[in-house]
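Asker: First the structure, which I've put down as structure tokens, then a few questions once you've had a look.
The values are calculated or read from the model by the stated rules, or taken from the named source; none is laboratory data. Keep in mind the model is a prediction, meaning the values are calculated, not measured. All Cβ positions, even for glycine, are placed from backbone atoms using ideal geometry, and neighbour counts span all protein chains on display.
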């Protein structure tokens, strides 16, 4: 049975990488996808690809760090498709640096996107899900939310945060309100993240780590699996790593 068909799915960070491939995979299963990101051109391409494959999708340019922008995304989803059944909190930044580098700008960027972005999106969709008495919030985590690697202290902290808030959602929203909460924890995925690291030493470490990376499609398969479950089943956390990743 297909539990995704006709569900309205809001996906942040959907213009590239895991978000884009997941949007396409969910649309292929019959979901009505609202793709959100700051990159309008990237979003339009993802939506065009979904339409060409016979799926249903709409794009909404969104900055997850801006609560008004995220609320406009939720309003757009309801206006376009009538409701919100699923939120995939996927927008994120992984920026390596060592403490001695004092890379404050990178730290703050990760806090804004990885923490405030998830809270903003959850805040925006919850009224709809609470009114429906159902829903699913899927928070993209990381293996870095389970253990701390060299040069990834702040990034790991943001992903430990994701673990904590999702566990709280499971116990509060899931048990009391029928709104499921899940995490997926990818290992090293080749999404171009290594080239975004601004600190030179951190960039070198990131590029070395990325050498064993697997493709975003592997994570999209996990997203589909986690969401394609009956109402009484919640997939709590899936950890998907490259075979040759040693942490």
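Asker: What tally of residues in region 1-15 results from selecting those that are free of Cβ contacts under 8 Å to residues at least 40 places away in the same chain and in contact with a helix residue (DSSP H, G or I) (Cβ under 9 Å, 6 or more places away or on another chain)?
Answerer: Number of matching residues: 1.
Asker: For region 107-127, check the following and say yes or no: at least one residue is surrounded by fewer than 15 Cβ atoms within 10 Å (Cβ to Cβ), within 22 Å of residue 183 (Cα to Cα) and in contact with a helix residue (DSSP H, G or I) (Cβ under 9 Å, 6 or more places away or on another chain).
Answerer: Within region 107-127 (the criterion being surrounded by fewer than 15 Cβ atoms within 10 Å (Cβ to Cβ), within 22 Å of residue 183 (Cα to Cα) and in contact with a helix residue (DSSP H, G or I) (Cβ under 9 Å, 6 or more places away or on another chain)), the answer is yes, since at least one residue qualifies.
Asker: Follow-up. Among 151, 187, which is in contact with a helix residue (DSSP H, G or I) (Cβ under 7 Å, 6 or more places away or on another chain), at pLDDT below 95 and at positive phi?
Answerer: 151
Asker: Continuing with this model, one more query. Mind listing whichever residues of region 83-94 are assigned to a loop (DSSP other than H, G, I, E, B) and touching a strand residue (DSSP E or B) at 6+ places or on another chain (Cβ under 7 Å)?
Answerer: 83, 84, 85, 90, 91, 92, listed by residue number.
Asker: Working only within region 216-242, note down all residues that are in contact (Cβ under 8 Å) with a residue 60 or more places away in the chain and surrounded by fewer than 17 Cβ atoms within 10 Å (Cβ to Cβ).
Answerer: The answer is 217, 221, 224, 229, 230, 231, 234, 236, 239.
Asker: Follow-up question, since we're still on this one. Just need a number here: residues in region 16-31 that are surrounded by fewer than 23 Cβ atoms within 10 Å (Cβ to Cβ) and free of Cβ contacts under 8 Å to residues at least 60 places away in the same chain.
Answerer: Final tally of qualifying residues: 2.
Asker: Taking the options 49, 39, name whichever one is more than 25 Å from residue 233 (Cβ to Cβ), under 17 Å from the mean Cα position of the chain (by Cα) and surrounded by fewer than 21 Cβ atoms within 10 Å (Cβ to Cβ).
Answerer: Result: 39 is the single residue among 49, 39 that is more than 25 Å from residue 233 (Cβ to Cβ), under 17 Å from the mean Cα position of the chain (by Cα) and surrounded by fewer than 21 Cβ atoms within 10 Å (Cβ to Cβ).
Asker: Okay, moving on. What are the residues in region 128-146 that are assigned to a helix (DSSP H, G or I) and surrounded by fewer than 18 Cβ atoms within 10 Å (Cβ to Cβ), if any?
Answerer: The answer is 130, 131, 132.
Asker: Right, something else. Could you check region 95-125 and list, in sequence order, the residues that are assigned to a helix (DSSP H, G or I), touching a residue at least 40 places away in the same chain (Cβ under 8 Å) and more than 16 Å from the chain's Cα centre (by Cα)?
Answerer: The answer is 99, 101, 105, 106, 107.
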